[in-house]
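Worksheet: the structure to be examined is printed underneath.
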Amino acid sequence: MDLSIVIPLLNEDESLPELCAWIERVMLANNYSYEVILIDDGSTDDSWNVITKLRSANPNIKGIKFQRNYGKSAALNEGFKAAQANVIITMDADMQDSPDEIPELRRMIIEDGFDMVSGWKKKRYDNTLTKNIPSKLFNAAARSMSKIQLHDFNCGLKSYSKKVVKSIEVYGEMHRYVPVLAKWAGFRKIGEKVVEHRARKYGITKFGWSRFVNGFLDLMTIFFVGKFGKRPMHFFGLWGSIFFFLGLGIFTFLTISKFFFDQTGLTQRPLFFFAIMLMIIGSQLFLAGFIGELISRNSPERNNYLIEDKTGL
């Protein structure tokens, strides 16, 4: 199979018929063997009925329906599990991504040898104040921390080799940082392509201001998990040891000072309590690192979702 097209969606019953028809035209024009995997993330409109009707008309269309809303990361993770082709394309269902970009995104994986290619919506049709400016800040922070030179980490239109999607786990709200997950998994040939961003034709955006706060928190999480997820003691143990021995050093100095230089009682000196605090914090951090090591060796499955129905899978 040439292509698996993974499309997470929430309340997009209006756009799905037009989007799937457009994808089919592109696939036929390029003579691709393909599958379209539509993941209904707990829609409350008629999206699932639309998917089943599309499936009956085109057997290349497949669907997964979540019992409730889990978020885009969960939908992508299930779509990646189900994908069978050598190249996987992800795109949004709101018609703001153009299926005409798919052939070139596939070519960059097959011929240019990229592990993944991220779209860059250089010209956007979003509100400048509420989306464009915060997006630029996000991307600047992500570039700085990840050292991946992409302009648009959060673009839904991306292509991947099969090895990448089978090697990463997308959870929480980490869909914004799939390139970072790929890099931490050892895939370093990450490319970028300028893609068309189309004005929204149906429905309204599903994301509010909370995504900006969550985005920065997720960036901190992905940085920490990527660097210390398998060795938490290297982080907590280091700082725990620094705090503990700093406190111990101050306590030792105060003790020697009391017996040889100053007869003032230890408990009458504020520095004594600061030393005790440092030793307690250091011990707690060291213990947190030890517990983290135990948890990392026995981590439970994070991606278990209630799936109400499937079609074609």
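Numbers at a glance
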read-out	value
Pairs, first touching a residue at least 40 places away in the same chain (Cβ under 8 Å) in the range 96-110, second in a helix (DSSP H, G or I), C-beta under 6 Å, six or more apart	Pro99/Trp22; Pro99/Ile23; Pro99/Val26; Ile102/Val26; Pro103/Asn30
Counted residues, the range 44-69 - those being surrounded by fewer than 20 Cβ atoms within 10 Å (Cβ to Cβ) and either among the small types (Gly, Ala, Ser) or within 18 Å of Glu173 (Cα to Cα) (or both)	4
Scan of the range 1-25 for residues that are within 22 Å of Asn86 (Cβ to Cβ) and among the hydroxyl-bearing types (Ser, Thr, Tyr), ordered by number	Ser4
Candidate set from the range 15-40 (those that are surrounded by 18 or more Cβ atoms within 10 Å (Cβ to Cβ) and of a type in the set (D, E, K, R)); member that is nearest to Lys72 (Cα to Cα)	Asp40
Any chance Lys147 is surrounded by 16 or more Cβ atoms within 10 Å (Cβ to Cβ), assigned by TED's automatic domain parsing to the domain that holds Lys81, modelled with pLDDT of 75 or more and among the basic types (Lys, Arg)	no
Filter result for the condition that a residue is under 23 Å from the mean Cα position of the chain (by Cα), closer than 12 Å to Ile7 by Cα and at pLDDT 90 or above, over Phe66, Phe80	Phe80
Single residue of the range 92-107 satisfying the filter (closer than 18 Å to His151 by Cβ and buried (at least 18 other Cβ atoms within 10 Å of the Cβ)) that is modelled with the lowest pLDDT	Gln96
Test: Met1 is outside any helix (DSSP H, G or I) and under 19 Å from Lys162 (Cα atoms)	yes
Failed criterion for Ser167 (all others in (1) touching a strand residue (DSSP E or B) at 6+ places or on another chain (Cβ under 8 Å); (2) of a type outside the set (A, V, I, L, M, F, W, C); (3) not in a strand (DSSP E or B) hold)	(1)
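The values are calculated or read from the model by the stated rules, or taken from the named source; none is laboratory data. All values reported here derive from a predicted model rather than from experimental measurement. Note: ideal-geometry Cβ built from the backbone for every residue, glycine included; neighbour counts use all protein chains shown.
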